Amino acid sequence: KRLAVFVSGGGSNLRSIHQACVEGPVNGDVVVLVTNKHACGGAQYAAGKGIPVILFPKTKDEPDCLPSDDLVKVLREFEVDFILLAGYLKLIPVELIRAYPRSIFNIHPSLLPAFGGKGYYGMKVHKAVIASGARYSGPTIHFVDEHYDTGRILAQRVVPVLANDTAEELAARVLREEHKLYVEVTAALCEDRIVWRQDGVPLVRSKD
Ligand code: GRF
């Protein structure tokens, strides 16, 4: 399958997904990278690997980026099957959601529906988890709809919140699981192993 990854930051999830595509566990290719921050680590990584970088939303002329006036058209030209948001901080335009039904995913660093929605991003999520006294946290992968963090939950992983955790320590523990979970879910996607329960809940079918 042909994957588009969207990033705004360091791109460690992009890196693990791309590596899994190159090394074999994921039967897919990262064919295009979309970013709203041309200089971010994720965009730099993609450029270094020869992956085309698209700036969206386009804020100024960036010679190294492809035009993004019509993102749907651009992604269609790249024959993208699935869109993976990996630390992309902008809301996804509704035209894109309509053009790619059940094909856009996001990873969030808390156990949704807790600690999600506008305002919960980056370290803010982990600080709020620690302040709440919750004993467990972990990443959620969900389908993307027109709002922040409200689409159907597809997969989660649990990590402990330790008594003296700093937000940074918790973030690092969650991020390690993010890398594994996103690769597993992407592998499932590329093998058509997402199934829908009768009540509309999506599930990842394990490999037989
Ligand atoms: C991750 O914590 C992810 O859950 C959140 O943004 C962060 C991205 O990290 N949506 P990276 O850019 O993949 O390192």
With Cα coordinates, the longest principal axis of the chain makes an angle with the long axis of helix 12-23, in degrees rounded to 10, of 60 degrees
Burial-style ranking of 17-26, 106-115, average other-beta-carbon count within 10 Å with highest first, yields 106-115, 17-26
Beyond 29 Å (Cα-Cα) in this structure, taken from LYS49/LYS118; LYS58/LYS118; LYS73/LYS207, we find LYS49/LYS118; LYS73/LYS207
Expressed in Å to one decimal, the Kirkwood Rh of the range 160-208 from all distinct alpha-carbon pairs is 12.9 Å
For the range 162-174, Karplus-derived ³J(HN,Hα) couplings (6.51, -1.76, 1.60; θ = phi - 60°; whole Hz; x for glycine and proline) come out as 8, 4, 10, 4, 8, 4, 5, 5, 5, 4, 5, 5, 5
Counting sequence-distant residues (5 or more places) and residues on other chains, those with an amide H built under 5 Å from that of PHE6 are VAL34, LEU84, LEU85, ALA86
Listed by chain and number, the residues whose amide H is under 5 Å from that of ARG152, excluding neighbours fewer than 5 places away on the same chain and using placed H, are PHE143
Here D for the range 19-62, in µm²/s, from Stokes-Einstein with a Kirkwood Rh over Cα pairs at 25 °C and 0.890 mPa s, works out to 218 µm²/s
Counting sequence-distant residues (5 or more places) and residues on other chains, those with an amide H built under 5 Å from that of GLY138 are LEU111, VAL159
Mean 1/r over distinct Cα pairs of the range 77-188, inverted to a Kirkwood Rh in Å, yields 14.5 Å
The chain, Kirkwood Rh and Cα Rg, ratio Rg/Rh at 0.95
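Taken together, the values in this text are just the output of simple stated rules run on the coordinates, not laboratory data. Values in this document were obtained by computation on a predicted structure and should not be read as measured data. In this analysis, Cβ positions are derived from the backbone assuming ideal geometry, glycine residues included, and neighbour counts consider all displayed protein chains.
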